[in-house]
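*Asks:* Sharing a structure with you now.
The values are calculated or read from the model by the stated rules, or taken from the named source; none is laboratory data. Just so you know, these numbers come straight off a predicted model, no measurement behind them. Using ideal geometry, Cβ is built from the backbone for each residue, glycine included, and neighbour counts are taken over all protein chains shown. Surface accessibility is based on the protein's heavy atoms, side chains included, excluding ligands, DNA and RNA. Shrake-Rupley method; radii C 1.70, N 1.55, O 1.52, S 1.80 Å.
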Amino acid sequence: MAKNEKKKKEKTSFSRRVKLALKDPLVALCLLIVVLIFVACVVVYNTETKTGSGIVTKFDTFWFMCVAVFANYFEFVCESIPGRAAGWTMLMAGLVLFTCITAKIASWFVDVQMKNDKGLKKLNTMQGHFVLCGWRPGFENILENVLISNPDISTDMIVLINDAVDQMVQLRSQKKYKDLNYISGDFTDEAVLNRGFIKTASRALIISDKSKKYSNLEIDSRTVLAVLTIENMNRGIYVSAELISEKFEKHLKMAHCDEIILTQEYERNLLATASSGLGYSNVIRSLISDDADSGVLIADIPDEFIGKTYKELKDHFWAARDTNGILVGLLLNSGNFHLRRKEAIREAQKNPNMNDIIGGLKKVKTLVSNEPLFTPANDYIVPKNSKAIYVNGKK
């Protein structure tokens, strides 16, 4: 019974596809032309075999049709009036048929290009890529700085997800951005994120989305929802998110966001430091450099210095200061620590009554991923999952 039902469904599906295809005027015209060519072949065979035109067999008729339709000239010269009329019909039918086919192919290419421009094209499978969600004025500068700060990322390994279709078309028309992958849609929607292969991405950055007339409350709410969705779909991804208001910071922390950028807070701090008249803002701007080789930089610590004192590491950097720069501190709980922290938090949330392990989980839960520690004491022991923070000038 199940097999019969399956066969019925397949037949119904096939007949439905045929009906839909026949509704297409171009398909109907092509079928009409094929029928017309077949009738012309019958006429040529029945009339020209009785004349001296050279068409004797069915193969001669078939060859005459092929040359007339596909090459647009006559291999044999028809002598009868019906034969000549049929031959002329073949010539015209061939011209129209090839015009239809050419138009269909051109339409397909145009459709593919339009889908690509509008972010509707299906991407090839990607892994370890970078996802950038949202759009706001100055987006091109943000993207350019992302590429400068991440020299290991090429444009073809970046997936943009937003609703700013027109702006993306203009952006990708530039030669340096032509390889960018673009997905049009709401980045809080799971289906849209799946199109961007979020499950296999390594990093994601969510900026305050101003592609539509959202209020600041709506923008931050969408950012929190996007982080929740992304973290649920890919627990191993490193997520950074921008907030306008610090009111939503605790929500992002609950969503296990790895890095939170508070735009208004940074602006207030910069304005406050500028008011002192000591040039703090210029110093900060220089430290946050526009290239990947100067300013405040993060580097891996050699394995032999893990478990050693900070003084030993400092001496090592000082000896190589001409190339490495000046060591100013440590970045604690970095690398893959954010994965273990997320898993610990989830485990603690699932098992709140497991007293034998909850203490250790709570301890991990209170730790902050990528926590900077500047100029620790000389006898401070360099822990695991740490990186070096150093300052390097432009060469």
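*Asks:* Six or more apart or on different chains, Cβ under 7 Å: which pairs go from a residue in segment 294-321 that's closer than 15 Å to residue 393 by Cα to one that's in a helix (DSSP H, G or I) and not acidic (Asp, Glu)? Could you list them?
*Replies:* Going by the 7 Å Cβ cut-off, the qualifying pairs are 295/286; 295/287; 296/287; 317/324.
*Asks:* Going through 358, 306, 345 one at a time, which residue ends up being of a type in the set (Val, Ile, Thr), out of contact with any strand residue (DSSP E or B) (no Cβ under 8 Å at 6 or more places or on another chain), surrounded by 12 or more Cβ atoms within 10 Å (Cβ to Cβ) and at pLDDT 60 or above?
*Replies:* After ruling out the rest, the residue left standing is 306.
*Asks:* Starting from residues that are of a type in the set (Asp, Glu) and in contact with a helix residue (DSSP H, G or I) (Cβ under 7 Å, 6 or more places away or on another chain), keep the ones in segment 202-242 and report whichever is nearest to residue 167 (Cα to Cα).
*Replies:* In this case the residue turns out to be 209.
*Asks:* Hey, another quick one. Answer yes or no as to whether residue 62 is over 19 Å from residue 27 (Cβ atoms) and modelled with pLDDT of 80 or more.
*Replies:* Spelling it out, residue 62 is indeed over 19 Å from residue 27 (Cβ atoms) and modelled with pLDDT of 80 or more.
*Asks:* In addition: Of everything in segment 245-290 that's touching a residue at least 40 places away in the same chain (Cβ under 8 Å) and in a helix (DSSP H, G or I), which residue is most open to solvent (accessible area, probe 1.4 Å)?
*Replies:* So, considering only residues that are touching a residue at least 40 places away in the same chain (Cβ under 8 Å) and in a helix (DSSP H, G or I), the one most open to solvent (accessible area, probe 1.4 Å) is 287.
*Asks:* A further question on this structure: Do we find a residue being surrounded by 14 or more Cβ atoms within 10 Å (Cβ to Cβ) and of a type in the set (D, E, K, R) anywhere in segment 213-227?
*Replies:* yes
*Asks:* Scanning segment 139-186 for residues that are open to solvent by 30 Å² or more (accessible area, probe 1.4 Å) and among the β-branched types (Val, Ile, Thr), which turns out nearest to residue 293 (Cα to Cα)?
*Replies:* Step by step, filter segment 139-186, then rank; the result is 148.
*Asks:* Still on this structure, I have one more. Residues that are over 21 Å from residue 370 (Cα atoms) and not aromatic (Phe, Trp, Tyr): find the strands (runs of 3 or more DSSP E) completely inside segment 126-244 holding 1 or more of those.
*Replies:* 130-133, 158-162, 181-184
*Asks:* Could you look through segment 187-210, keep only residues that are in contact with a strand residue (DSSP E or B) (Cβ under 9 Å, 6 or more places away or on another chain) and open to solvent by 30 Å² or more (accessible area, probe 1.4 Å), and pick out the one that is farthest from residue 129 (Cα to Cα)?
*Replies:* 195
*Asks:* In segment 59-73, how many residues are in contact with a Phe, Trp or Tyr (Cβ under 9 Å, 6 or more places away or on another chain) and without any contact (Cβ under 8 Å) to a residue 12 or more places away in the chain?
*Replies:* Total satisfying the criteria: 1.
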